[in-house]
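**Q** Here it is, the structure, as structure tokens.
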Amino acid sequence: MSDMGFCGIDCGKCELGNKVVSKNAETLKSGVEKYGISQWFQFIPVADDEKFSFDELDKGLTWLAKYAACPGCHADGGSPDCAVRKCAKEKKFEDCSSCDAIDTCNKLDFLEPGHPGLRENLKKM
Ligand code: SF4
Ligand code: SF4
């Protein structure tokens, strides 16, 4: 299965798709446990607005390790309602590069700020 989204985004380069974020969350969670940070943090003087709950941190890191890992566009990762994926699938395209409306398609608009050159890349494929 392609590692590239229907829109041309490379899931392998996305830190959610390549699991960098979820693995980092796991590493951080185990580092906090291994070095007993929740035990000695109380001895470090901090300002009131720097204080936080280690229970909540642990919950947050557990959540990130579990859910901040996208299986990839072709495995239904990303938004379940993605209009680009829906449209390309309806047209029976492997991805949008097969489409002759790349320049004018407004479904790709929301991706342009974060992925400059997306349309040009699709046209080159
Ligand atoms: S879900 Fe939509 S925006 Fe995300 S990679 Fe797939 S086609 Fe692109
Ligand atoms: S119209 Fe073409 S470029 Fe736009 S989402 Fe559908 S397949 Fe992709």
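**Q** Listed residues 30, 79; which is over 23 Å from residue 123 (Cβ atoms) and within 16 Å of ligand 2 (Cβ to nearest atom)?
**A** 79
**Q** For residues that are surrounded by fewer than 17 Cβ atoms within 10 Å (Cβ to Cβ) and modelled with pLDDT under 90, tally how many sit in the stretch 1-30.
**A** Matching residues across the stretch 1-30 total 7.
**Q** May I ask you to say which residue of 109, 58, 95 is within 16 Å of ligand 1 (Cβ to nearest atom), surrounded by 13 or more Cβ atoms within 10 Å (Cβ to Cβ) and either modelled with pLDDT under 95 or of a type in the set (Asp, Glu) (or both)?
**A** None of the others qualify; the one that does is 95.
**Q** Restricting to the stretch 45-81, name every residue that is among the β-branched types (Val, Ile, Thr) and either under 15 Å from residue 19 (Cβ atoms) or not assigned by TED's automatic domain parsing to the domain that holds residue 20 (or both). Reasoning before the result, please.
**A** The first filter runs over the stretch 45-81 and keeps only residues among the β-branched types (Val, Ile, Thr), leaving 46, 62.
Correct list: empty.
The values are calculated or read from the model by the stated rules, or taken from the named source; none is laboratory data. None of these values were measured; they are calculated from a predicted model. All Cβ positions, glycine included, derive from the backbone under ideal geometry; neighbour counts span all protein chains shown.
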